[in-house]
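Student: Handing you a structure now.
The values are calculated or read from the model by the stated rules, or taken from the named source; none is laboratory data. Every value quoted in this text rests on a predicted model; they were computed, and no experiment measured them. Cβ: placed from backbone, ideal geometry, glycine included. Neighbour counts: every protein chain shown.
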């Protein structure tokens, strides 16, 4: 109990002033936020799903696109099974509505499947059909969260480069920090210009999270000329694993847990922060993705 109370106190100190500076968001298309990591096992998908629930509670219409072909588990954490995937939309002529799952609080979920990796092999007519289908979500969603695979394969990097906004998730573990920097370095080397923001997950103490942020921000600015902004920390919380085991999102199962409160604050920072990029929608993202080949 003392550890939990201490973490809540540190969390309040860390972000206590942010609510007073809330600005109204201005938006004309869906915001597309790509969530990525340098390695697996840092809680990237848990963070993605938790943010989706937090946004939905703030009145936003949210879609999650699972773009992780290797270790796809958004459906498990969200507790929603997709009836199909984008491969079937592209190759079987299904309508997008046929492969979309409904999650809690009106959240929509779609699995990319291997269809995402087939984009460069599509005919012109298939491309136009696909863009028409995914473009429907720009008319519905306020926020689209893309959960990429971990690491530096070509498709993951292309998703990061095509995004309007990039969120990198890491933990304080030295190998995770090194791998997160590798992603940021590759992004900078390819000319990435969208805002890059950092979430440090599974933090035990405030100083630990600040140390990770300061280290990554310093080396990124010095060696890459790329500023990294800090979205927040998520404290280590056993309720996260309990929620995964029960296949109920953390923000639904344990909304008052320490980790859930951290996510709420991060969602507020993303939604109401300053210097938000102009959203170009999911159709725009896939057009840029296709242009990369």
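Student: Please give the number of the condition residue 149 fails out of (1) assigned to a strand (DSSP E or B); (2) surrounded by fewer than 17 Cβ atoms within 10 Å (Cβ to Cβ).
Tutor: Of everything listed in (1) assigned to a strand (DSSP E or B); (2) surrounded by fewer than 17 Cβ atoms within 10 Å (Cβ to Cβ), residue 149 misses just condition (2).
Student: Condition (residue is in contact with a helix residue (DSSP H, G or I) (Cβ under 8 Å, 6 or more places away or on another chain), touching a residue at least 40 places away in the same chain (Cβ under 8 Å) and closer than 21 Å to residue 73 by Cβ) applied to segment 122-134: is it met by at least one residue?
Tutor: No, that holds for no residue.
Student: Go through (1) in contact (Cβ under 8 Å) with a residue 12 or more places away in the chain; (2) out of contact with any helix residue (DSSP H, G or I) (no Cβ under 7 Å at 6 or more places or on another chain); (3) within 30 Å of residue 223 (Cβ to Cβ) one by one and return the number of the condition residue 154 breaks.
Tutor: (1)
Student: Can we say residue 200 is assigned to a helix (DSSP H, G or I) and either farther than 24 Å from residue 104 by Cβ or in contact with a helix residue (DSSP H, G or I) (Cβ under 7 Å, 6 or more places away or on another chain) (or both)?
Tutor: Spelling it out, it is not the case that residue 200 is assigned to a helix (DSSP H, G or I) and either farther than 24 Å from residue 104 by Cβ or in contact with a helix residue (DSSP H, G or I) (Cβ under 7 Å, 6 or more places away or on another chain) (or both).
Student: I would also like to ask the following. Can residue 141 be described as outside any helix (DSSP H, G or I), modelled with pLDDT under 90, touching a strand residue (DSSP E or B) at 6+ places or on another chain (Cβ under 6 Å) and surrounded by 20 or more Cβ atoms within 10 Å (Cβ to Cβ)?
Tutor: no
Student: Taking only pairs six or more apart or across chains, which ones have beta-carbon atoms under 7 Å, a first residue in segment 88-115 that is farther than 23 Å from residue 142 by Cβ, and a second residue that is in a strand (DSSP E or B)?
Tutor: As it stands, the answer is 113/85; 115/85, since those pairs meet every condition given.
Student: If you check 219, 212, which single one turns out to be touching a residue at least 40 places away in the same chain (Cβ under 8 Å) and farther than 20 Å from residue 65 by Cβ?
Tutor: Just one listed residue meets the conditions, 212.
Student: Between 67, 54, which is within 18 Å of residue 251 (Cα to Cα), within 15 Å of the chain's Cα centre (by Cα) and modelled with pLDDT of 85 or more?
Tutor: Going through 67, 54 in turn, just one is within 18 Å of residue 251 (Cα to Cα), within 15 Å of the chain's Cα centre (by Cα) and modelled with pLDDT of 85 or more: 54.
Student: Still on this structure, I have one more. Hey, could you check segment 180-207 for residues that are over 21 Å from residue 164 (Cα atoms) and buried (at least 17 other Cβ atoms within 10 Å of the Cβ) and say which is modelled with the lowest pLDDT?
Tutor: 206
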